[in-house]
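Just below is one structure, and these are the notes that go with it.
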Amino acid sequence: MLAAVAHAQNPSDPLSCLELREVPTPVPPAGWTRIKVKASSMNMHDVWTLRGVGHDPKNIPIILGCDVAGVTDDGREVIIYPVIADPDAGNGDETLDPNRALLSEQHDGGFAEYIVVPDRCVIPKPHQLSFEEAACLPVTWSTAYRMLFTQGQLKAGDRVLVQGAGGGVASAAIALAAAAGATVYATSRTEEKRALALELGAHDAFESGARLPERVDLVIETVGEATWGHSLRCLRPGGAIVIAGTTSGTSPEADLGRIFYQQLRVLGSTGSTRHEMVAMLRMLATTGLRPRIDRVLPLERIHEGFAAMIAGETQGKIVITVS
């Protein structure tokens, strides 16, 4: 079968490490399911793998792609829960399993004609979603859902600040929070991304670091060092900041005085549980909310898609389809 394989790692030229090649069609072991891939979307996680950031080189070569939708050998239309883990090892939460792995980290991903995954990772695809839409959801949308509703305990009427509106998780968080009845403020360095935030449902959008009209109950933080101080200043006393990424750096000034005096809550968040992903899918099916797709490309043009994502020339997800 044809697959997009990371065969090496290079921090300055990641696309030179991605090759379309013929590989054996996988055979599912006991307790695993084989899926004919219909669509798989791109994430920056794939780029970090090609650059050698956060990915053990001993797991190279590996097929990339952690967001997948397709059809099982027995004809079921499904979407794949992308965390391969043992819930029991995480006290009932697979994201707390010390040995958890995202699809394409230790197990081959979805940029291929077929993929095999543990049976528990197979979730029925809501009929309201196309394969292309479904393939945008497992990583970024499930991460945003957990940040908002599990860690952040969001409820209708809350005020939310989403930092870095152009990112995948941030964009999903804007749409989900707005659909849940929250007042959403967003920030971005560019006018283009601020306009996108408004299209996604934000009440208002501001330049990074700008003063907001009011303090917020919850901050969704994926930028890190560059926005940390602003995030803390924007919270009401007793408010919460949920962190799922640090693209600008991991070591800001902590401002512990503000945190304890204002009784702020600082919460980390990684991925989602299977239960949370199912809940997110139900929310999209019933509300009509849909991911924004920038473009759809065949597997043979995957390098073109990665080049566009690396250059920041997208407004939404890039989806790769497999014939």
- Working carefully through the options 148, 96, 64, 102, find the one that is under 27 Å from residue 167 (Cα atoms), in contact with an Asp or Glu (Cβ under 7 Å, 6 or more places away or on another chain) and not small (Gly, Ala, Ser). 64
- For the range 41-58, which residues satisfy the criterion of being surrounded by 15 or more Cβ atoms within 10 Å (Cβ to Cβ) and either of a type in the set (Lys, Arg) or touching a residue at least 24 places away in the same chain (Cβ under 8 Å) (or both)? 41, 42, 43, 44, 45, 46, 47, 49, 50, 51, 52, 55
- Message: Scan the range 132-146 and tell me whether some residue there is in a helix (DSSP H, G or I), among the basic types (Lys, Arg) and under 28 Å from residue 205 (Cα atoms).
- Response: yes
- Does residue 8 fit the bill of being farther than 30 Å from residue 86 by Cβ, hydrophobic (A, V, I, L, M, F, W, C), assigned by TED's automatic domain parsing to the domain that holds residue 300 and over 19 Å from the mean Cα position of the chain (by Cα)? yes
- Subset of the range 195-213 (residues that are crowded, with 21+ Cβ neighbours inside 10 Å and in a helix (DSSP H, G or I)): 196, 197, 200
- Consider residue 284 carefully, then state whether it is in contact with a Leu (Cβ under 9 Å, 6 or more places away or on another chain) and surrounded by 14 or more Cβ atoms within 10 Å (Cβ to Cβ). yes
- Task: Would you point out the residue of the range 84-100, among those that are closer than 18 Å to residue 29 by Cα and under 19 Å from the mean Cα position of the chain (by Cα), that is surrounded by the most Cβ atoms within 10 Å (Cβ to Cβ)?
- Result: 85
- Note on the structure: Of all helices (runs of 4 or more DSSP H) fully inside the range 214-287, the set with 3 or more residues that are closer than 25 Å to residue 123 by Cβ and in contact (Cβ under 8 Å) with a residue 24 or more places away in the chain is 274-287
- Are any residues in the range 154-174 closer than 15 Å to residue 221 by Cα, surrounded by fewer than 24 Cβ atoms within 10 Å (Cβ to Cβ) and modelled with pLDDT of 95 or more, and if so, which ones? 159
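The values are calculated or read from the model by the stated rules, or taken from the named source; none is laboratory data. None of the values given here were measured: they were computed from a predicted structure. Neighbour counts are summed over all protein chains in view; Cβ atoms, including those assigned to glycine, are modelled from backbone coordinates with ideal geometry.
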